[in-house]
Structure formats: structure tokens, C-alpha cells
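Below is one structure, written out as C-alpha cells, with a few remarks after it.
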Amino acid sequence: MPKNQNTFSSLRRRMANRAVQAGWRWMQRAGAVTPETPGRLRFGAIGHGTRLAFPQGTVFGERWIRLGDHCIIAEQVTLTAGMMPDLDLGPDPLLVLGNGVVLGRGSHVIADARIGIGDDTFCGPGVYITSTNHSYDDPHEPVGRQWPRSAPVEIGPGCWLGTGAVILPGARLGRNVVVAAGAVVRGEVPDHAVVAGAPARIVRRWEPETGWQPPLRTPAPVPIADGITSEQLRGLAALAEAEAEAEVKAEVVAKAEVVAEPERETGPKAERLGSGAGRPAAGRPAG
């Protein structure tokens, strides 16, 4: 193929790529759901500053879904109220998100019974929260055809749900609960607890009298002060790096001194032993 034809083909691919990327960014902006641009979705409430990224996941029963202020709903998040669309679910909302709730990409919140998520609760990607679970009471009937069990779910304010966490029907999480990635939670979890595993168990807890037990392994991060500039942050980072290097050098020097100390102590002894190596033992003739 002639060189100019290759160049033209490459140019066309680059132009097409740029056009597709620009078009996708435009679709993401235009397709986002906000209080000002709800699109086809008619939520029971959608608070100020809340945004559902485009593309949205499955959403139905939105009349019974209430979203607080400044919530962030990432791409492909499923929000459903009721077992299927177009049901009359009564006067009360089924799915209620507090203010500042974050739902990570690909998460699911399935509310056949009430689900409440408290203010400032953050969820990583792929979190699954459901108030309904399959039953398998009848051993002769396929599990998928048996009537499911439902129970309300309550998640307190300030919680963190790690990637892939599963919250089962009837779960009640307290305030500032941490759910480890991949944990499967059911039942009650007290305030300020860390749970992990499947089924989830408490692995750490904070109490006013004793603090965190077991103790945390790392010190708490220091928040950035208000009004600090990017130049000051870079200066602090450089200072911290220099201090870390100085600590490493001091540790190396200290270890070297520890190693050298026994050598200084054994040196004269070795000389004394060497100087007497050729002498006969006391009371014995030489020869």
C-alpha cells in the first residue's frame, strides 16, 4: 500500500477516535440526571447537587425513591423500588438515601422492603444492598421460583462499604461502620465497628473507654489545613521526604556502630591470645 494512503488511513482513525471520545464526553454530560435535568426519571425526591452519572443502570419505582442533597451515583448503578416496574407501593418511600451518599460504579440497591442509607455513607464499586433474598424452603421446587423473603435494611450515617460488599435483608448497621471488601453482612452491627468475611464478623471496634481494639496499626492521617496552597503542599512533601531520608541514614549509622562495638572489644583479646600462642604451658618443659 502506498505510503500516502497509509498516512491518510491513520489520520482518519485518529480523527474518528477524537470524534468518538468527544461525543462520549458530551453524552456523559448531557445524559447525567440532576434535579434540573431529571430526564424520564421522576424520583419521589432528588436533592440539591445530587447527580446520577450516565449511563445509569436499571432504575424503576422511582416514585418511591428519595435521594438526599449532594449524593453521587456513579455509572451503571441500579436503583429499584418494588419487585417490578409499574407497581403501586403505597404512600411511603421504600428507598431513602441521606445527604452526601456515594454509590460506586456498578452498585445495586434493591428495595422490595424499606432500605435507608444514612448521611455521608460511601460505597465502593460493585456494592450490593438488598432487602430481598431467595428462599429454598421447598427442596422440590426450583429456588428461583420460590417466594422470596424480605426484611428492611438500615445503614447508619458515616459508614464505608468496601468494594463488592453485600448487605443482606434484615441488616442493621450502626454509625461509622466499616465493611471490608467482599464481606457479606446480615444481622446487627454496632456503631464504630469493622466487619469482614463471609459471613461478616467484627474484627475491630472502638469504645470510648478503650479506643480501637485491637489497636490501629498506623497513625491517623493529618488533614490538610484550610487555605494551604499547592506550593506549600509540595514544600511539605519535600520536607517529609528529607526527614525520612535522614531517619534512614541515622538508623544505618546506629546499626553500624552496634556492629563495630563488639569488634573493638574483641580486638585486644585477640592480640593477647595471639602473642601467647607459642609459649609453653606453665609447669611443662618446652620441646
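Data table
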| read-out | value |
| --- | --- |
| Residue list for the stretch 196-209, filter: in a loop (DSSP other than H, G, I, E, B) and either open to solvent by 100 Å² or more (accessible area, probe 1.4 Å) or more than 30 Å from residue 168 (Cβ to Cβ) (or both) | 209 |
| Odd one out for residue 223 among (1) assigned to a loop (DSSP other than H, G, I, E, B); (2) open to solvent by less than 50 Å² (accessible area, probe 1.4 Å) | (2) |
| Any chance residue 139 is touching a residue at least 12 places away in the same chain (Cβ under 8 Å) and part of a loop (DSSP other than H, G, I, E, B) | no |
| Selection from the stretch 105-149 of residues that are basic (Lys, Arg) and more than 25 Å from residue 90 (Cα to Cα) | 105, 145 |
| Residues of the stretch 162-194 satisfying the condition of being under 15 Å from residue 206 (Cβ atoms) and out of contact with any Gly (no Cβ under 8 Å at 6 or more places or on another chain) | 194 |
| Qualifying positions in the stretch 144-169 - of a type in the set (Ser, Thr, Tyr) and more than 16 Å from the chain's Cα centre (by Cα) | 150 |
| Residue satisfying all of: in the stretch 142-195; touching a Ser or Thr at 6+ places or on another chain (Cβ under 6 Å), at pLDDT below 95 and part of a loop (DSSP other than H, G, I, E, B); surrounded by the most Cβ atoms within 10 Å (Cβ to Cβ) among these | 148 |
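The values are calculated or read from the model by the stated rules, or taken from the named source; none is laboratory data. For clarity, every value in this text was computed on a predicted model and none was experimentally measured. All Cβ positions, even for glycine, are placed from backbone atoms using ideal geometry, and neighbour counts span all protein chains on display. With ligands, DNA and RNA removed, areas are computed over all heavy atoms of the protein, side chains included. Shrake-Rupley method; radii C 1.70, N 1.55, O 1.52, S 1.80 Å.
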